[in-house]
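Asker: Right, I'll just put the structure down here and ask away after.
The values are calculated or read from the model by the stated rules, or taken from the named source; none is laboratory data. Just so we're clear, the structure is a prediction, and the values are computed from it rather than from any experiment. So basically every Cβ, Gly included, is an ideal-geometry build from the backbone, and we count neighbours across all protein chains shown.
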Amino acid sequence: MKLGVVASVTDRSLGICDLAKQVEGAGLESLFLTQNTHVPASGAGLLEDEYHRSDHHLLDPFVALGAAAAVTTRINLETGICVALLYDPIVLAMQVSTLDQLSSGRFLFGIGVGHEDTVQNHGVRPELRHRVLREKVLAMKAIWAGNNAEFHGASSLTSPRS
């Protein structure tokens, strides 16, 4: 059995480098970092819940995992999860491949569709979030596959931001 730690690292928690060293020192297999870009106004009540109280203080998982990669040599570093449909696929493909290189191939890219109200704040129609995610993943795979990547997805999958 392999064991890992899922952490919500914030600007108020144990530092990412200390956490990563402790996870590796304990002989665990992985460190997963959660992601939340923001707490939508519709979910402000979540901040009263102990589990979500620090959601608006979460560190960017890619920057934090880059720091973790610099101070560890063995543990897998993972997003648990990255709401990939919120990102530009060209930029995200570069972030993922950079982190994979910095960690000597120890990065695992966990993705998901996110909450309806969160993705809507990023201009994605909630009912299309699965399709948007699929297209962005296909675009990233095309980028990773070769130097002259090209991808043409449906332009109707996002809505104007209000």
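Asker: Here is a list of conditions, (1) at pLDDT 95 or above; (2) more than 15 Å from the chain's Cα centre (by Cα); (3) not charged (D, E, K, R), and Ala41 meets all of them except one; can you say which number that is?
Answerer: Looking at each condition in turn, Ala41 falls short on (1).
Asker: Turning to a different aspect of this structure: Just a yes or no: is a residue in region 110-126 closer than 20 Å to Asn147 by Cβ and either modelled with pLDDT of 95 or more or β-branched (Val, Ile, Thr) (or both)? Outline the logic, then answer.
Answerer: Pass one, region 110-126, residues closer than 20 Å to Asn147 by Cβ: none.
No, the conditions are met nowhere in region 110-126.
Asker: Before we move on, is Gly153 surrounded by fewer than 20 Cβ atoms within 10 Å (Cβ to Cβ), of a type outside the set (D, E, K, R), outside any helix (DSSP H, G or I) and touching a helix residue (DSSP H, G or I) at 6+ places or on another chain (Cβ under 7 Å)? Walk me through how you get there before you give the answer.
Answerer: Numbers: surrounded by fewer than 20 Cβ atoms within 10 Å (Cβ to Cβ): yes; of a type outside the set (D, E, K, R): yes; outside any helix (DSSP H, G or I): yes; touching a helix residue (DSSP H, G or I) at 6+ places or on another chain (Cβ under 7 Å): yes.
In short, yes.
Asker: Another one. What about Gln35, is it at pLDDT 95 or above, of a type in the set (S, T, N, Q) and in contact with a helix residue (DSSP H, G or I) (Cβ under 8 Å, 6 or more places away or on another chain)?
Answerer: Numbers: at pLDDT 95 or above: no; of a type in the set (S, T, N, Q): yes; in contact with a helix residue (DSSP H, G or I) (Cβ under 8 Å, 6 or more places away or on another chain): yes.
No, not satisfied.
Asker: Determine whether Leu46 is at pLDDT 90 or above, touching a His at 6+ places or on another chain (Cβ under 6 Å) and at negative phi.
Answerer: In short, no.
Asker: Another question, if that's okay. Quick check on region 106-122: of everything there that is over 22 Å from Met94 (Cα atoms) and not hydroxyl-bearing (Ser, Thr, Tyr), which residue is surrounded by the fewest Cβ atoms within 10 Å (Cβ to Cβ)?
Answerer: Asp117
Asker: In region 1-28, which residues are in a helix (DSSP H, G or I) and touching a residue at least 24 places away in the same chain (Cβ under 8 Å)?
Answerer: Matches in region 1-28: Ile16, Cys17, Leu19, Ala20, Lys21, Val23, Glu24.
Asker: Met140 is checked against (1) surrounded by 13 or more Cβ atoms within 10 Å (Cβ to Cβ); (2) modelled with pLDDT under 90 and fails just one. What number does that condition carry?
Answerer: The single condition Met140 does not satisfy is (2).
Asker: Please go through (1) part of a helix (DSSP H, G or I); (2) modelled with pLDDT under 95; (3) farther than 30 Å from Ala70 by Cβ; (4) not charged (D, E, K, R) for Ser162 and return the number of the only condition it doesn't satisfy.
Answerer: (1)
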